[in-house]
Structure formats: structure tokens, C-alpha cells
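Structure first, then comments.
The values are calculated or read from the model by the stated rules, or taken from the named source; none is laboratory data. Everything numeric here is computed off the predicted structure, so don't read it as measured data. Because the Cβ atoms are built from the backbone with ideal geometry, glycine has one as well, and the counts that use them run over all protein chains shown. SASA here: full protein model, heavy atoms, side chains in, ligands and nucleic acids out. Shrake-Rupley method; radii C 1.70, N 1.55, O 1.52, S 1.80 Å.
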2 protein chains.
Amino acid sequence: MEIEPELCRVEDALGILVGKWKPIILLHLLKEGTQRFSELKRSLPGITQKMLTKQLRELEEEDIIERVVYPQVPPKVEYSITEYGKTLEPILHAMHEWGTKHMLHKRKNY
Amino acid sequence: MEIEPELCRVEDALGILVGKWKPIILLHLLKEGTQRFSELKRSLPGITQKMLTKQLRELEEEDIIERVVYPQVPPKVEYSITEYGKTLEPILHAMHEWGTKHMLHKRKNY
DNA sequence: TTCAATAGTATCCTTTTGTATACTTTACCA
DNA sequence: TGGTAAAGTATACAAAAGGATACTATTGAA
């Protein structure tokens, strides 16, 4: 039996969402709207500048978020979800639902 | 602003689904039902034994799939989705929907 | 005149993922 | 007597992801 091409579609979505910080970044932007680099950084305790930059660049590359640079000093850069990015919301929502509902399942071993 | 704990729930789901082969394995098991190791292997062209074993072990560890060994020679081992594993279906479905719908978006650069 | 603030780079290192290849066990079949 | 099948293990290696730390440019404020 051959694998059907449709099965692989799941990986497209997964590929975009995978990364230690991407889902959280997206949820933040969905919830708070446009955010500055430093605001995101403050919201994500533990993330390094390098990681945040990298994740944002990758999301931008996929058209999921938009980056706007204001020519100022000190610099100001704002990030926001694109319309396309918003189409990921059902997935994020499904994951959030599941995560909340099954939070207790893990604990059963303790 | 502190990050809310609920946001992190998303990662629980993501953590389970992440891996080059996990979503495909799960979709197969959901669609075909119980499968032997060798059947899965044949269905996943390109996967190595080691990888398949590893992914299956991880899914088993999370109670997403069940592994049944028949004491025979040559060996027979069957894998199937657990009831708990089935609760992931909405997420898989949302990802599949999205992937199918937005297949064309990627192409726009070509 | 020195310091802080913003949004990054640069470098180096560790951990996790993934790949390739060879090897194992035991019964059955030719 | 030797080969094959099934479900793995063992070993070595390559690549990707993630982390820690230090550094940069520019301006305004103390």
C-alpha cells in the first residue's frame, strides 16, 4: 500500500508550528495583537535574543507574521500576525483544548 | 506581563505530535486500525527500522499507542491507537484540513 | 562623558534528531 | 544445510535545534 499524498499535508502545518517557542509566540500575537520585539521577549521568560529572532524570522519567511521596522534610534520593530497566519488559529485552538483537557493524564504516574 | 500557564498547554500536544514520522504513523493507525511493525514499515517509505522503533516507543510511552507482542517466531508485534490516542484526532484533522487548504500558498513563490 | 535602551549579530558549545549499516534470534521451508 | 522472515539492537556518524555569552550602533538623558 502506497502512502497517500494527503497524509503528508499534516506535516506542512506541523512544520510551521514546530519549534520550542513558535506556538507561544503566535498565541501571544493572536491575543495581544501587534507587539514590539522587546515586549515579546519580556513575555517569553527564558528565551534568548537569538532564539526569538530566529523563530520570528522563520515565521516571517512563511508569511505567518509581518515585521515592520521604524527608522528610529533606539530601534523599534513591530510584529503582527498576517491574515494568512490567522488561518492557523483552529489548529492552535485544537491543541490548546487538548492540552488543557489532558493536563491530568500525565500526572497519573506520580 | 506574565505568560499564562494555559498558553503552555499547546506545547503538550505539540510535544506528542512532533517528530518526522509521528503524525503519519498516527494517521495510518487511525485509518487502518491495528498494524504490524512490518506493515507500518512498508507504509512509510524511507523510514529506517531504528527510527520507526524509536517513534513507536515514544508514542507508547505517552499512552498514545499500544504494543502487543505475540510470543512467536518469527516475532509478531501489533500496534494500535489507544482510546486516549484517539483524542488527538481533532488536532490531526485540523492540521490536515489546513495543509490541504493552503497547499497552494507555498507555490506562490515559484 | 558616561550610561541606558532597542534590536539585533557573532561565536562557541551541547543536545536532540535523524541516517546508514551491520548484527541478532529462532523456527520453518526447500 | 542453508536461507529467509520479523522485529528488533548496536554502533557510528551527520545535521539541526537550542543555549550562553559577548558584542554592536546610535541617540538622548543624567
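Using only alpha carbon pairs under 8 Å that are at least six residues apart, calculate the relative contact order of chain A and give it in whole percent.
Value for chain A: 24 percent.
Please identify, among B:GLU78, B:GLU58, B:GLU97, the residue showing maximal mean-square fluctuation in a Gaussian network model of chain B using a 10 angstrom Cα cutoff.
Evaluated over chain B, the most mobile residue of the options is B:GLU97.
Taking the Cα centre of each part, how many Å lie between the range A:3-73 and the range B:11-65?
For the range A:3-73 versus the range B:11-65, the Cα centre distance is 27 Å.
For the full complex of protein chains and a 1.4 angstrom probe, list B:LYS54, B:LYS101 by accessible area with the highest value first.
Largest to smallest exposure gives the sequence B:LYS101, B:LYS54.
Per Stokes-Einstein, at 37 °C and 0.692 mPa s, what whole-number D in µm² s⁻¹ belongs to the range B:42-104, with the Kirkwood radius over Cα pairs as the hydrodynamic radius?
237
Per the helix-only calculation at 222 nm, which mean residue ellipticity applies to the protein assembly as shown, given -39500 (n - 2.57) for every DSSP H run of n ≥ 4 and division by its residues, nearest 500 deg cm²/dmol?
Values: 14 runs with 132 residues, N = 220.
So the helix-based figure for the protein assembly as shown works out to -17000 deg cm²/dmol.
Using a simple charge model, +1 on the beta-carbon of Lys and Arg, -1 on the beta-carbon of Asp and Glu, nothing else, what dipole does chain B show about its Cα centre, in debye to the nearest 20?
Value, rounded to 20: 960 debye.
Take the solvent-accessible surface of the protein heavy atoms, probe 1.4 Å, and return the percent of it on chain A that carbon and sulfur atoms account for.
53
Can you give the convex hull volume of the alpha carbon atoms of the protein assembly as shown per residue, in Å³? Working shown, then result.
Working: hull volume 32.8 nm³, N = 220.
Once divided by residue count, the hull of the protein assembly as shown is 149 Å³.
What is the ratio of the Cα radius of gyration of the range B:1-105 to 2.2 N^0.38 Å, where N is its residue count, to two decimals?
The reported ratio for this selection is 1.22.
Taking a point 7 Å out from Cα toward Cβ as the label site, list the nm distances between B:GLU61 and the same residue in every other copy, smallest first.
In ascending order, 2.8 nm.
For a quick check, take a GNM of chain A with Cα springs below 10 Å and name the residue from A:THR87, A:THR48, A:THR100 with the largest mean-square fluctuation.
A:THR100
What whole-number value in Å² describes the accessible area per residue of the range A:35-110 for a 1.4 Å probe?
Per-residue value: 63 Å².
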